[in-house]
Amino acid sequence: MCSYTQTPMDDILYPIALTCIKGIGPVLARNLIERFGSAESIFREKRGMLEKTPGIGSGLAEAIIRQRDEALQRAKEELEFIHRYGIRTCYMDDEDYPARLRECPDAPIVLFAKGEMDLNAAHFIGVVGTRRPTEQGRENCRKLVSDLAQTMPGTVIVSGLAYGIDVCAHQAALQAGLPTIGVLAHGLDRIYPPSNRPVAAEMAKHGGLITEYPSRTNPDKPNFVQRNRIVAGLCDAVVVVESAHRGGALITAKLAFEYNREVFTFPGRVNDEYSSGCHELIKNNVASLIESADDLLHYLDHPVYRGKTEPQERTLFAPPATEPGKRLPDHLPEEDRQLLQTLYDHPDGVPINDLVELTSQPFSQLSGRLLGLEMQGLVKRLPGNVYKAS
């Protein structure tokens, strides 16, 4: 559980103050702390030392010095808010800081949290999507979460407490008895949209709310893009339920992919507006197609599926999968046969970057071939973009 700060005020005061300096984002904040040993040291250094930090330079070093006093005062005000309303804090070096998120290079150095939650629980699944879902999208969301509760109890459902699929996922988790966490694009002194306040109140009892933003931060548009990286970084996998071609959920999915998380999505009809983004993720080999929680858990190699028979092929045109060591399927192009033989020679699986070297095929061509083989049931994608013969 993320711990409420009981240490001396200065231990969290300076990290909060650092986040209040304009021009210092998470990456630069971590660089500065690594260089000077602590957030407090940054507030005592001279400009000449600050500007030697990679990414800072003379202009930003001057801005840091100019803003330090104001930032410290703002941090003191935030500490009063934290104590008054029982807000919990997580600093990046704390034991209770989410370990998954810490792996991400742009993770926030401080998180503010409200509620009862374990940010290092065994299973975190992000569920995101359009703010204007269809009824089928809502049903897919509810059933996915409900089935996860049956198969993988204790799974933490993470989303952004926005309209549409986000709040649907939170509500479904509460109804199924799963903890759920909302990542906010503003401070904990407000809830946006206001209509989600009742859900947020229930989440505080069965999960909680987290944000990197101090109180008095408005839900401005850039903050929503920023918070998406926290949704992605917290999770083992992200599911996009429905999304238009330019939907914000695609940002979360692509960030998750960059963080080496698993990404999944539901398909829709060819001309469905709020499936076009999902189809884009599948076509670009960012997301794997799922139709149920069973598919999700199979891809994640969950223990409930280990030792069971592989699911039957979904396509009418797919030949039976060939076991390693058996004859290669005759219908395949030569490049696919070479790729499949390489996977047969490595039965434990091969990361896609290693496959590029082993096969001498360009990444763009290789990823397309792997997707084709996967859809034929000949190849299986494992967590971490590792591929093995089915």
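The values are calculated or read from the model by the stated rules, or taken from the named source; none is laboratory data. It should be emphasised that the depicted structure is a prediction, and the values quoted were computed from it without experimental measurement. Please note: Cβ atoms are built from the backbone with ideal geometry, for glycine as well, and neighbour counts cover all protein chains shown. Surface areas here come from the heavy atoms of the whole protein model, side chains and all, with no ligands, DNA or RNA. Shrake-Rupley method; radii C 1.70, N 1.55, O 1.52, S 1.80 Å.
Spatially, segment 17-58 and segment 249-295 are offset by 38 Å when compared through their Cα centroids. Taking only the Cα atoms of the chain, the radius of gyration and Dmax are 23.1, 72 Å. In this label model, Ser360 and Asp93 are separated by 5.1 nm, measuring between points 7 Å along each Cα→Cβ vector. Distant-in-sequence amide contacts of Leu188, defined by a placed amide H-H separation under 5 Å and a gap of 5 or more residues or a different chain, comprise Ser215. Comparing Val263, Leu371, Met117 along the charge dipole axis of the chain, the residue lying farthest to the positive side is Met117, per the Cβ-charge model.
Taking the solvent-accessible surface of protein heavy atoms with a 1.4 Å probe, what is the per residue accessible area of segment 1-146 in Å²? Intermediate results must be reported in sequence, preceding the final value.
On the way: 7120 Å² over 146 residues.
Here the residues of segment 1-146 average 49 Å² of exposed surface.
Residue ranges 133-139, 253-259 sort as 253-259, 133-139 when ordered by packing (mean number of other C-beta atoms within 10 Å per residue, highest first). Only helices reaching 27 angstrom along their own axis (Cα) with mean Kyte-Doolittle hydropathy no lower than -1.0 count here, and for the DSSP H runs of the chain these are 57-85.
Under the simplified labelling scheme, the Arg216-Arg197 pair shows an inter-label distance of 2.2 nm, with each label point 7 Å from Cα along Cα→Cβ. The portion of the accessible surface of the chain made up by carbon and sulfur, rounded to a whole percent, is 49 (1.4 Å probe; DNA, RNA and ligands excluded). Per residue, the average separation of C-alpha pairs within less than 8 Å and at least 6 apart gives segment 147-302 a relative contact order of 17 percent. For Val156, the residues 5 or more places off, or on other chains, whose built amide H falls under 5 Å of its own are His123, Phe124, Ile125. Taking a label point 7 Å from the Cα of Ser38 along the Cα→Cβ vector, which residues of segment 84-100 have an amide N closer than 17 Å to it? From segment 84-100, the list is 91-95. Label positions at Thr134 and Glu291, each projected 7 Å from the Cα along the C-beta direction, are separated by 1.6 nm. Amide H contacts of Leu382 (H built 1.01 Å from N, in plane; Pro and chain starts excluded): Tyr387, Lys388 sit under 5 Å, all sequence-distant by 5 or more or on other chains.
Once you have the Cα-Cα distance between Lys76 and Gln175, take 0.36 nm times their residue separation minus that, and quote the gain in nm to one decimal.
Numbers: separation 99, 0.36 × 99 = 35.64 nm, distance 3.89 nm.
Between Lys76 and Gln175, full extension yields an extra 31.8 nm.
Counted by Cβ distance under 10 Å from Glu62, the other residues give a net charge of +1, where Lys and Arg count +1 and Asp and Glu count -1. Based on Cα contacts under 8 Å between residues 6+ apart, the chain shows a relative contact order of 12 percent. When you count the other C-beta atoms within 10 angstrom of each residue and take the mean per peptide, 104-115, 120-131 line up highest first as 120-131, 104-115.
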